[in-house]
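Have a look at the structure below before the remarks.
Only the coordinates and a few stated rules stand behind these numbers; no lab work does. Given the structure is predicted, the values throughout are model-derived calculations rather than measurements. Note: ideal-geometry Cβ built from the backbone for every residue, glycine included; neighbour counts use all protein chains shown.
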Amino acid sequence: MSFEEINSLIPCLDRIEACTHSTSLPAVPGQYQLIVVRRGHVTVFPESGESSICTQGYACHPRIGGYRIEVPRTKAAEYVIFNYRMLPLEQQEWTLEGPLGTYSEVKIHYMVDELLRKTREELPEAGSPEAAAFRYRTRLMLERILYIFLRESHMKKNEGSVTRSIEDTISYMNEHYMLPLTLSMLAGRAGMSEGHYTVLFKKQTGRTMTVYLRSLRIEKAKQLFSQTRLPAKEIAQQVGFSDYFYFSRMFKKEVGMSPSEYLISVKPKQI
């Protein structure tokens with residue numbers, strides 16, 4: 001599945017259905033389904049091929065045959081089924097099929113909720129300008145959901161190399177913490193957008209880049225307090241804090257005491 005395909009086709013939403021129970025999807029030529037899991041997980045059984053546990057998204061294709069969607073017996077699940085067609089602009093086949101992943105669940109769920117709300121309202125009269133506007137809006141939102149799944153599924157497949165890129169920037173921070181490092185600089189070093197980098201960095205470290213760097217600098221400051229007789233202001237500058245008052249405030253937040261109090265506490269350890 002490539003972006004060339006989505007460039008050559010227009011998605012047209014026929015029906016959207018919210019489900020909490022197991023169901024079967026028959027194969028209908030030219031009819032595709034997109035499953036978006038909103039809570040829990042489901043297991044998707046294609047007529048031909050291996051089953052998959054789905055926690056985010058799944059694309060069904062009629063050439064595979066029908067599908068069975070099973071909700072766990074002991075756990076609740078909520079999912080939405082988009083039934084759609086792809087109108088060709090060129091002679092291009094739509095091949096999207098199988099498990100889909102995303103880093104943007106909140107964004108997708110917002111659009112799903114909006115589409116469900118719109119289709120549950122009284123639909124505009126067929127042939128009216130309002131009906132045309134409604135069809136256009138649903139098409140754009142479906143296209144956006146497909147784009148996000150397509151783009152971020154590729155990202156997740158390359159997550160091994162992405163993980164190495166995050167680890168490289170962490171090593172860089174550990175060695176160059178005293179420099180004026182920025183989110184933009186580190187995301188560029190990892191070869192990804194700032195938003196994507198922020199999500200993956202927090203997933204890997206449990207902290208944002210800013211919090212990680214601040215904690216790293218304060219740990220280095222603690223080492224210098226223990227190993228040198230340098231004044232607190234000079235230590236703050238050496239570990240990358242240009243504003244001493246900010247350093248003092250963050251140091252107390254992290255360590256539980258001010259730099260001067262900490263210096264007194266480690267003074268007997270100094271040579």
Note to self, the chain gives a 222 nm [θ] from helices alone (DSSP H runs n ≥ 4, -39500 (n - 2.57) apiece, / all residues, nearest 500) of -16000 deg cm²/dmol
Distance in nm between label sites at ASP14 and THR205, each 7 Å beyond Cα in the beta-carbon direction?
4.9 nm
Using the Cα centre as the reference, give the magnitude of the dipole from point charges on the C-beta atoms of the chain (Lys, Arg: +1; Asp, Glu: -1; all else neutral), rounded to the nearest 20 debye.
1480 debye
Quick one: Cα centre-to-centre distance for the stretch 138-156 and the stretch 3-25, in angstrom?
11 Å
Which shape class, rounded, prolate or oblate, goes with the stretch 135-266 when its Cα gyration tensor gives a ≥ b ≥ c as root eigenvalues, a/c under 1.5 marks rounded, and past that a/b bigger than b/c marks prolate?
prolate
I'd like the Karplus ³J(HN,Hα) series for the stretch 30-40: coefficients 6.51, -1.76, 1.60, θ = phi - 60°, whole numbers in Hz, and an x wherever there's a Gly or Pro.
x, 10, 10, 10, 10, 9, 10, 7, 9, 8, x
Furthest towards positive pole of dipole, PRO88, ALA131, PRO259, structure part the chain, Cβ charges:
PRO259
Residue order, fewest to most beta carbons within 10 Å, for TYR79, TYR177:
TYR177, TYR79
Need the full-extension length gain, PHE134 to SER215, defined as separation in residues times 0.36 nm minus the C-alpha distance. One decimal, nm.
24.2 nm
Along Cα→Cβ, 7 Å out, is where each label goes; now give me the distance between the ones at ILE264 and ARG120 in nm to one decimal.
6.2 nm
Exposed trypsin sites (Lys or Arg not before Pro) being those in a DSSP loop with at most 16 other Cβ atoms within 10 Å, the longest stretch of the chain free of them is 76-206
Determine ³J(HN,Hα), in whole Hz, for all residues of the stretch 75-81 in sequence, where each value follows from phi through the Karplus function 6.51 cos²θ - 1.76 cosθ + 1.60 and θ = phi - 60°; x replaces Gly and Pro.
9, 7, 8, 10, 8, 10, 10
Out of SER226, MET192, GLY206, whose Cα points farthest toward the positive end of the dipole of the stretch 145-240 (charges: +1 Lys, Arg; -1 Asp, Glu; placed on Cβ)?
SER226
The stretch 31-51 versus the stretch 95-125: alpha-carbon centroid distance in Å:
15 Å
Ordered by fewest other Cβ atoms within 10 Å, a rough proxy for footprinting exposure, PHE201, PHE251 read PHE201, PHE251
Hey, what's the Kirkwood Rh for the stretch 1-119 if you take every pair of different alpha carbons, in angstrom?
14.8 Å
Using Cβ counts within 10 Å as a stand-in for footprinting exposure, how do TYR197, TYR172 rank, fewest first?
TYR172, TYR197
Can you list which of the GluC sites (Glu not before Pro) found in the stretch 88-152 are DSSP loop residues with at most 14 other C-beta atoms within 10 Å?
GLU90, GLU93, GLU121, GLU122, GLU125
How are the C-alpha pair distances of the stretch 159-206 spread across 10 Å bins, as whole percents from the shortest bin up?
28, 62, 10
Measuring from label point to label point, each 7 Å out along Cα→Cβ, what is the GLN223 to VAL106 span in nm?
3.5 nm
Taking N as the number of residues in the chain, the ratio of its alpha carbon radius of gyration to 2.2 N^0.38 Å works out to 1.42
